[in-house]
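First up is the structure itself, then whatever we jot down about it.
Rule-based calculations on the coordinates, nothing more; no lab input. Just so we're clear, the structure is a prediction, and the values are computed from it rather than from any experiment. Neighbour counts run over all protein chains shown; Cβ positions are idealised from the backbone, glycine included.
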């Protein structure tokens with residue numbers, strides 16, 4: 001995802017995941033911010049977040065063993 005976004009000029013991603021997984025995302029090393037408090041929806045507690053992607057992102061994630069350069073799988077390779 002990091003390689004694809006950097007190569008495509010994408011600088012921001014948003015997502016909605018379970019509140020527990022959002023806490024993991026926030027701790028991975030991304031430049032990341034929660035978008036409001038978690039809320040209950042259809043029996044699950046969900047939370048939204050925003051990721052900022054830039055040239056420093058690979059190094060930030062590699063520090064926590066989240067990113068390994070060159071491991072991008074494209075749709076053509078899948």
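Could you list 66, 10, 53 so that the one with the fewest beta carbons within 10 Å of its beta carbon is first and the one with the most is last?
In order of increasing Cβ crowding within 10 Å: 10, 66, 53.
Could I have the simple spin-label model distance between residue 12 and residue 52, label points 7 Å from Cα toward Cβ, reported in nm to one decimal?
Placing both labels 7 Å along Cα→Cβ, they lie 1.1 nm apart.
With mean projected area of the Cα convex hull in nm² defined as stated, name the option among [x] 6.0; [y] 10.0; [z] 7.9 computed from the structure displayed.
[x]
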